[in-house]
Amino acid sequence: MQGPIGGTAMARKHLSVAFPLLAALLAGPALAQAPDLADGRRIYDQACAACHGPTGRPDPSSPVLAGLETPPADLSDPLFNSREPANDWELVVGHGGHAMGLSAQMPAQREALSAEEIRNVVAYVKTLADTSDYPPGEFNYFLPIRTKKAFPEDEIVWKGRYTPLDGAPDVMRNVIEIEKRVGHRGMVVLELIHEDDGFDSEVTKVEGGYKHVFGWNRERQSILSGAVILAVPTDGDESKEIIPYLAYARMFGDDWVFQSSARAITPLDDAGDGQLELAGALHYRWTQWPRNVFPGIEVVAEAPYDHFGSDVQWSAIPQLRFGLTKGGHVALNLGVEVGLSDQPWDYRVHAVLLWDFADGSFFKGWR
Ligand code: HEC
């Protein structure tokens, strides 16, 4: 007998033949079977608690712990527990710490446990802390080149931009960004901007600000944040700028990451003289293993407040993200920005190197 569930499954099967993308969109996480937490708990108590502690907090007096080079992190800490995507943890539990650049003393379980059991135990580990007010690490998507990220980070980023110019020396711009999470949903950021235009080579701007996650939706895997940045030029004659922005990101199906941001760059001396910048990025996340190359494309539109609509400058940035370490906590993004309007440059080359310092030292997990 075919009940309504069988019917839906049939319909989805037909759909997935006819429209793979549509089927992927419909078959979101909501339709996946919920993990069995009781089974997860049973496995945790048997196979994990000796090292990680029955509550997720390793017991410093345990003799097992004394034998470990790297003590396991506290899984009951909500910030730590929330920031790592469940999928990364399924890879760690299945393939062992070494596979993700962590200590090899974290044992691989894929011989002992089925994929289902690994999913169950990771889902149970995710319940060891109350993470309800922390944005889930699942929504920590790749850092695009110009689109602002919604997820709060503990990161140090170098952004280089090289602009060849006709009839003038080429311009090189370097930005160092230090980002630190604060509270449950916040992040503070400090940026130093250095420019070399062939005449002067100097720090031209210092920026600082705060980002806050307004909310997220687990079904759509979406996240929305807002931020305010103050930009202070080192040349006292230039105006300071206040730069509020919104950043929104979501998944389409299992593989497509969409990110977008809207920035209003407003000079404090003359607020009408500002500029609006809309940016969108699409990345193809074809595997869950972080050490890989992921293609992406960004489109940016910039326009002055007073000529909005008539004077839009478009550019496109095809790019490649290289996960450099096994866990992807050091990554490089290379892109070429092509001017599609009457920009003073034809193209410029971007390189972004990021180090997520919450995941450990820069030198960890390369081999
Ligand atoms: C022999 C001791 C031991 C056992 C047993 C063990 N672990 Fe671990 N686990 C570790 C150590 C040590 C680390 C830390 C690795 C590092 O940070 O380099 C770790 C790391 C982890 C992490 C990664 C955290 C991160 O840094 O992102 C997760 C998740 C985890 N273990 C879950 C489990 C689960 C689930 C089980 C049971 C199926 C388990 N572990 C069994 C020792 C163990």
Completion exercise
FRET efficiency (Glu195, Thr55; Cβ distance; R0 51 Å; to 0.05) is 0.50
Problem - Accessible carbon and sulfur surface of the chain relative to its total accessible area, %, 1.4 Å - result: 60 percent
Practice task
Would you rank Phe214, Phe142, Phe363 by solvent-accessible area, highest first, keeping every protein chain in place and using a 1.4 Å probe?
Solution key: Phe363, Phe214, Phe142
Practice task
Give the shape of the range 33-125 as rounded, prolate or oblate, defined through the alpha-carbon gyration tensor: a ≥ b ≥ c are the square roots of its eigenvalues, a/c under 1.5 means rounded, and otherwise the shape is prolate if a/b is larger than b/c and oblate if not.
Solution key: rounded
Exercise for the section: Can you tell me the FRET efficiency between Leu230 and Ala358 if r is taken as the Cβ-Cβ distance and R0 is 25 Å, rounded to the nearest 0.05? Expected result: 0.50
Problem - Rounded accessible area per residue of the chain, 1.4 Å, Å² - result: 51 Å²
Exercise for the section: Step through the table entries Lys126/Lys148; Lys205/Lys326; Lys211/Lys240, compare each Cα-Cα distance with 23 Å, and write down the pairs that go over it. Expected result: Lys126/Lys148; Lys205/Lys326
Practice task
Would you mind putting 340-347, 353-360, 120-127 in packing order, based on average other-beta-carbon counts within 10 Å, highest first?
Solution key: 120-127, 353-360, 340-347
Exercise for the section: Excluding Tyr162 itself, calculate the net charge of residues whose Cβ lies under 13 Å from the Cβ of Tyr162, where each Lys or Arg counts +1 and each Asp or Glu counts -1. Expected result: -2
Fill in the blank from the handout: Surrounding charge for Leu334, neighbours by C-beta under 14 angstrom, Lys/Arg +1, Asp/Glu -1, total +3
Exercise for the section: Would you please state which residues of the range 113-150 a label at Leu246 would reach in this model, taking the label point 7 Å out along Cα→Cβ and a backbone N cut-off of under 18 Å? Expected result: 147-150
Handout entry: Mean separation of Cα contacts under 8 Å, 6 or more apart, over the residue count of the range 129-222: relative contact order %
Key = 24 percent
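The values are calculated or read from the model by the stated rules, or taken from the named source; none is laboratory data. Not measured: the values here are computed from a predicted model. In this analysis, Cβ positions are derived from the backbone assuming ideal geometry, glycine residues included, and neighbour counts consider all displayed protein chains. Heavy atoms of the whole protein, side chains included, go into the accessibility calculation; ligands, DNA and RNA do not. Shrake-Rupley method; radii C 1.70, N 1.55, O 1.52, S 1.80 Å.
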